[in-house]
Amino acid sequence: MVDAAIGTGKGRLAARIQVKRAGSTLFDKEIVAESSWDSSFVGAIALPAAINQYGALYKTLTGKLFDDADFKRALATP
């Protein structure tokens, strides 16, 4: 979701990640990344800023996933 509203823009990106092995679920969690930024009333400025912010949410989301202790344990489980 991205909202380039006048004043404050907002973005949210979420994904449910599962790690399964041999029929067992080792990890099942929704990871969420959110941001907000100053947003212009001029569409030609606000829209590109919103697109850039939304793109950056992917990096934030993957960072949160890779930093998650439960996710690390699930991948380390033999």
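Observations
- Condition broken by A46, with the remaining ones in (1) loosely packed, with under 15 Cβ neighbours inside 10 Å; (2) touching a Ser or Thr at 6+ places or on another chain (Cβ under 7 Å); (3) among the aliphatic types (A, V, I, L, M) satisfied: (1)
- Set side by side, the residues D38, D70, D28 differ, and just one is at pLDDT below 85 and either of a type outside the set (G, A, S) or surrounded by 12 or more Cβ atoms within 10 Å (Cβ to Cβ) (or both), which is D38.
- Residue that is surrounded by fewer than 12 Cβ atoms within 10 Å (Cβ to Cβ) and in contact with a strand residue (DSSP E or B) (Cβ under 6 Å, 6 or more places away or on another chain), where the choices are R12, R16: R16
- Considering residues of segment 50-67 that are crowded, with 16+ Cβ neighbours inside 10 Å and among the aliphatic types (A, V, I, L, M) only, the residue farthest from V32 (Cα to Cα): A50
The values are calculated or read from the model by the stated rules, or taken from the named source; none is laboratory data. Just so it is clear, the model here is predicted, and its values are computed rather than measured. Cβ atoms come from the backbone with ideal geometry, glycine included; neighbour counts cover every protein chain shown.
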